[in-house]
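Engineer: Quick one: the structure is below, questions incoming.
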Amino acid sequence: MSRQIATGIDIGTYQVKLVVVEKIEDKQGVRVPRIIGTGLAESKGLRHGYIVDKQEVTKSILEAKRQAESSAHVPLKTGFLAIGGISLDEARATGEAVISRADEEITQLDLDKAEKAALEAAKPAFLNREVLQPIPVEYRVDGNKVLGSPLGMKGVRIEVDYLFITALSQHTKALQEAVEDADIEIIDQMASPLAGSVVLLNNDQKMKGCVLANIGAETVSIVVYDEGIPVSVKVFPMGSSHITDDIALGFRISLEEAERVKLGKLSGQMYPRKKVDDLIGSRLSAMFALIDKHLKSLGRRGPLPAGIIISGGGSGVGSISDIAKGSLKLPARLAEFRLASDTKIRDATWAVAYGLAFWGLTDDTSAPKQPVFQSFKRFFGQFMP
């Protein structure tokens, strides 16, 4: 049997991470994913997730690739790419179709027609943008909400509410070219917040409703789940580097010093703890105020019992969970990254790359997939309302 190996590629503003995962048999003979290699390099040539110097980005990818190949002991020729940064956005539309069969049974053809109609309705929102994932949020047959897949049901008309996750085409193309210039063929791609949710959230959290917030260097990205379905993906132009800026201005010190103060590596009379906490708390409150405003804009019917789960490089700053609780009036905790004790990664900052590789093992990774929509229909089948 040929080896099943997949590589996740996460190109962040500060770091490039690669995770190589192989599906192996455990002691019970069950095939499970195992991390066999990782690569980490400083990101160069990016700003807010955008590429400003493609050659520098490719060099960073090549360095991370070299490390991953060395630890995995396999050449990396293909990979799954995360698309993140403030380029990400969402659009919503409803598509409908008249049931085509004479006996009024709903088939895949009817759902495809409804999706096509939704895409057409949302077309104005796609100017200069690429649809990364189309996600069916709700089905209605003859005006009545359907729980689960409507395939096989009978009716006259099917309506489907769609969430379309998009990214700027220019940004996506530049990322793809940088990866391909590092001699890695892209099998498929996924929005970063969704990739992280693959391994950081469990089914119970997704069903009850929650927000996964990734605090990056220059952005905060969220994915909102309700009844097991991702109902929103959003990125805000504010991150942990802004906390460093606030501390530098507050104490009139260099950014390097401010970063050390933020991480608790510098303290004492020159840096009173209360002032440091106030500076950190003020910026975190502003971040969570953006998330709160967005949640209210969704017009959700009720609270999110599973609360907010916080991940990313900025998740360990200050009393972040307490501030999130107070700002959002929701339960809050840091994301847990449960991996085997012998794994090569330790914290949730690797979740996006690992989530991509984990997803990659759910399908054929030996060749490029079918069109993106088709591959994600299979993956997002688990999100069918």
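Engineer: Compute the Rg to Rh ratio over the stretch 203-334 from the alpha carbon atoms, using the Kirkwood formula for Rh, and round to two decimal places.
Structural biologist: Rg/Rh: 1.03.
Engineer: If you don't mind, another one. Taking every pair of alpha-carbon atoms in the stretch 207-262, give the share separated by more than 20 Å as a whole percent.
Structural biologist: In whole percent, the share of Cα-Cα pairs in the stretch 207-262 beyond 20 Å is 43.
Engineer: Listed here are the pairs Lys293/Lys329; Lys145/Lys329; Lys296/Lys325; Lys23/Lys208; which of them are more than 24 Å apart at the Cα?
Structural biologist: Cα-Cα > 24 Å for Lys145/Lys329; Lys23/Lys208; rest within.
Engineer: On to the next question. Which net charge results for the neighbourhood of Leu255, defined as the other residues with beta-carbon distances under 13 angstrom from its beta-carbon, given Lys and Arg at +1 and Asp and Glu at -1?
Structural biologist: Around Leu255, the surrounding residues sum to -2.
Engineer: Mind ordering 271-278, 75-82 by average Cβ neighbours within 10 Å, highest first?
Structural biologist: The densest-packed peptide leads the list: 75-82, 271-278.
Engineer: Something else about it: Tell me, rounded to the nearest percent, the portion of alpha carbon pairs in the chain spaced more than 38 Å apart.
Structural biologist: Beyond 38 Å sits 21 percent of the P(r) for the chain.
Engineer: Need the full-extension length gain, Lys293 to Lys154, defined as separation in residues times 0.36 nm minus the C-alpha distance. One decimal, nm.
Structural biologist: 46.1 nm
Engineer: While we're here: Using just the Cα positions, wrap the stretch 89-167 in a convex hull and report its mean projected area in square nanometres, one decimal place.
Structural biologist: Computing the convex hull of the Cα atoms and averaging its projections yields 4.8 nm².
Engineer: Now for a different question. In µm²/s, what is D for the stretch 2-60 at 37 °C and 0.692 mPa s, where D = kT/(6 pi eta Rh) by Stokes-Einstein and Rh is the Kirkwood radius from Cα pairs?
Structural biologist: The Stokes-Einstein estimate is 252 µm²/s.
Engineer: Ranked by Cβ crowding within 10 angstrom, fewest neighbours first, how are His294, His242, His171 ordered?
Structural biologist: Neighbour counts put them in this order, fewest first: His294, His242, His171.
Engineer: Tilt of helix 169-180 relative to the longest C-alpha principal axis of the chain, in degrees (0 to 90, nearest 10)?
Structural biologist: Taking the Cα atoms of the chain, the angle to 169-180 is about 70 degrees.
Engineer: Using Cα pairs closer than 8 Å and at least 6 residues apart in sequence, work out the relative contact order for the chain, in percent.
Structural biologist: Computed value for the chain: 20 percent relative contact order.
Engineer: Between beta-carbons, use under 13 Å as the cut-off and find the net charge around Ser60, counting Lys and Arg +1, Asp and Glu -1.
Structural biologist: 0
None of the figures in this text is laboratory data; all of them are computed from the coordinates on show. Because the structure is a prediction, the values reported are computed rather than measured. When we count neighbours, we look across all protein chains shown, and the Cβ atoms used for this are built from the backbone with ideal geometry, even at glycine.
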